[in-house]
Amino acid sequence: MSIGVTAARLQEVLQQALAPTALEVQDDSHLHAGHAGALEGRHFTVRVTSTVFDGLTRVARHRLVYDAARSLIAEGIHALAIEARTPAEAQR
């Protein structure tokens with residue numbers, strides 16, 4: 001398995017799938033050096049704001065993010081920390 005997934009590539013995929021009004025993808029892999037999961041792939045934090053999350057539960061929002069990133073997970077994503085908000089929630 002290749003662990004060549006980058007934050008930029010993940011951001012591109014999420015941008016296309018979720019049409020966010022705000023999106024930040026942070027590579028946290030360096031924080032997990034020495035952790036067993038670090039050998040299995042990269043760790044990312046995703047902060048995304050999108051109207052597609054309107055009316056959805058937290059779990060449903062996370063599923064949309066995971067569904068969008070599915071192909072990259074197989075290419076070397078070990079973990080995603082997700083903050084998924086609607087535009088109204090982001091303005092509070």
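The values are calculated or read from the model by the stated rules, or taken from the named source; none is laboratory data. In this text, all values refer to a predicted model and were calculated from it rather than measured experimentally. Because the Cβ atoms are built from the backbone with ideal geometry, glycine has one as well, and the counts that use them run over all protein chains shown. Side chains included, ligands, DNA and RNA excluded: accessible areas come from the protein's heavy atoms. Shrake-Rupley method; radii C 1.70, N 1.55, O 1.52, S 1.80 Å.
Looking across region 45-69, just one residue is more than 14 Å from Val25 (Cα to Cα), in a helix (DSSP H, G or I) and of a type in the set (Gly, Ala, Ser), and that is Ala60.
Can Gly41 be described as modelled with pLDDT under 95 and surrounded by 17 or more Cβ atoms within 10 Å (Cβ to Cβ)? In short, yes. Pairing residues of region 60-87 that are within 15 Å of Gln15 (Cβ to Cβ) with residues that are open to solvent by 70 Å² or more (accessible area, probe 1.4 Å) and part of a helix (DSSP H, G or I), at Cβ distances under 7 Å and at least 6 apart in sequence or on separate chains, gives Leu72/Arg9.
Can Thr6 be described as modelled with pLDDT of 90 or more and open to solvent by 60 Å² or more (accessible area, probe 1.4 Å)? Break it down stepwise before answering.
Values: modelled with pLDDT of 90 or more: yes; open to solvent by 60 Å² or more (accessible area, probe 1.4 Å): yes.
It is true that Thr6 is modelled with pLDDT of 90 or more and open to solvent by 60 Å² or more (accessible area, probe 1.4 Å).
Flag set for Gly55, criterion: modelled with pLDDT of 95 or more and on the phi > 0 side of the Ramachandran plot. For region 15-38, the candidate set comprises residues that are surrounded by 12 or more Cβ atoms within 10 Å (Cβ to Cβ) and part of a strand (DSSP E or B); within that set, the residue that is modelled with the lowest pLDDT is Asp27. Which of the numbered conditions does Leu72 fail, given that it passes all the others? Conditions: (1) touching a strand residue (DSSP E or B) at 6+ places or on another chain (Cβ under 9 Å); (2) surrounded by 15 or more Cβ atoms within 10 Å (Cβ to Cβ); (3) outside any strand (DSSP E or B). The single condition Leu72 does not satisfy is (1).
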